[in-house]
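Below is one structure, written out as structure tokens; comments come after it.
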Amino acid sequence: MMSDVVKFHFDVDGSDFSSAGAASVSVKKKLRQLGYSPEVIRRVSIAMYEGEINMVIHANGGTADVEASDDKIVIVLADKGPGIPDVELAMQAGYSTAKDHIRNLGFGAGMGLPNMIKYTDDLRIDTVVGEGTTITMTVLL
Amino acid sequence: MKVDALCKLLDARVLCGTTDREFEGVYTGDLLSRAMSRVQTDNAWVTIMANINVVAVANLTEPAVIVLAEDVVMQQDALDAAVENDLCVITSPLSAYEICCAIREMAGE
Ligand SMILES: Nc1ncnc2c1ncn2[C@@H]1O[C@H](COP(=O)(O)OP(=O)(O)OP(=O)(O)O)[C@@H](O)[C@H]1O
Ligand SMILES: [Mg+2]
């Protein structure tokens, strides 16, 4: 039997640090209404928040698409930012290119990508320097 | 422990939210993507960071209370967002270290 897939779409504003996280908070509320377990919601929330914030602080915003079904939740974050020149390096815990004014806001621990790996079952990074980055994350139920 | 009791213990002022709730466990730290993965539901989150991004992380991790150390006051936009999301935020003159020690002592009794 084909089950329903619920889809959400967000435009993530890259100029507004104060609304950063809004899409993730909204997805969290919707997943709760749909009855997903607290554990799944936590994993999706953390992974999506980190990706959303990365688009804001490193890529001047982008789009977030979430597809929730009964066996998995897929999050796609796409931006037209600078791309990631060395993905392996970027994935290392503690590595960050965040400038001081960003660090002063509490970002820049270099733990975003490591969190995304830790809390998802699959993470794919498609990135081209000068063109942008698309991150696809899957959380299995 | 109740958040009311925590306020008394820390000589803290309530910035928003009801204090009639229990917290369990403590996380202290200011770096958001560390807090994001470490703050557990119903924790007390002790920090000196008080901007709107702290509120976003708290919305996702759901601590029972955000404890601001060293008399830090939350910025108005952040406070508005905290109220909207029914978060409890308190501020204490003690340092993060002193706050953790005080809670530990109280819990050890
Ligand atoms: N969407 C993106 N576009 C361009 N660069 C990115 C993007 N996402 C991550 N990066 C690069 O990868 C590095 C590591 O990202 P990561 O999220 O792990 O850490 P951070 O964002 O710097 O700090 P934290 O997430 O702990 O606040 C970033 O500093 C940045 O250089
Ligand atoms: Mg990051």
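The values are calculated or read from the model by the stated rules, or taken from the named source; none is laboratory data. Computed from a prediction, not measured in an experiment: that's the story for all the values here. For neighbour counting, all protein chains shown are included, and Cβ atoms are generated from backbone atoms with ideal geometry for every residue, glycine included. Keep in mind that these areas ignore ligands, DNA and RNA; they rest on the heavy atoms of the full protein, side chains included. Shrake-Rupley method; radii C 1.70, N 1.55, O 1.52, S 1.80 Å.
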Q | Qualifying position, being under 29 Å from residue A:118 (Cα atoms) and of a type outside the set (Phe, Trp, Tyr), among B:13, B:34 | A | B:34
Q. Within the bounds of region A:48-67, is there any residue that is more than 17 Å from residue A:13 (Cα to Cα), open to solvent by 10 Å² or more (accessible area, probe 1.4 Å) and more than 10 Å from every other protein chain (Cβ to nearest Cβ)?
A. yes
**Q.** region B:1-38, subset under 12 Å from the mean Cα position of the chain (by Cα) and polar (S, T, N, Q), residue most open to solvent (accessible area, probe 1.4 Å)
**A.** B:28
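When you look at residue A:94, is it within 14 Å of chain B (Cβ to nearest Cβ) and open to solvent by less than 70 Å² (accessible area, probe 1.4 Å), yes or no? Lay out the reasoning, then the answer.
Working: within 14 Å of chain B (Cβ to nearest Cβ): yes; open to solvent by less than 70 Å² (accessible area, probe 1.4 Å): yes.
Here the answer is yes, as residue A:94 does meet what is asked.
I'd like to check which helices (runs of 4 or more DSSP H) are fully inside region B:45-109 and have at least 2 residues that are away from chain A (no Cβ under 14 Å). Walk me through it before giving the result.
Values: elements: B:52-61, B:76-84, B:96-108.
Counting at least 2 such residues, we get B:96-108.
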(Q) Give me the residue from region A:21-41 that is facing chain B (nearest Cβ under 8 Å) and open to solvent by 10 Å² or more (accessible area, probe 1.4 Å) and, out of that set, farthest from the chain's Cα centre (by Cα). (A) A:38
Q) Just for region A:1-20: of the residues that are free of Cβ contacts under 8 Å to residues at least 12 places away in the same chain and more than 10 Å from chain B (Cβ to nearest Cβ), which one is farthest from residue A:69 (Cα to Cα)? A) A:1
Q. If you scan region A:97-117, which residues turn out to be more than 7 Å from ligand 1 (Cβ to nearest atom), surrounded by fewer than 21 Cβ atoms within 10 Å (Cβ to Cβ) and free of Cβ contacts under 8 Å to residues at least 40 places away in the same chain?
A. A:99, A:100, A:101, A:103, A:104, A:117
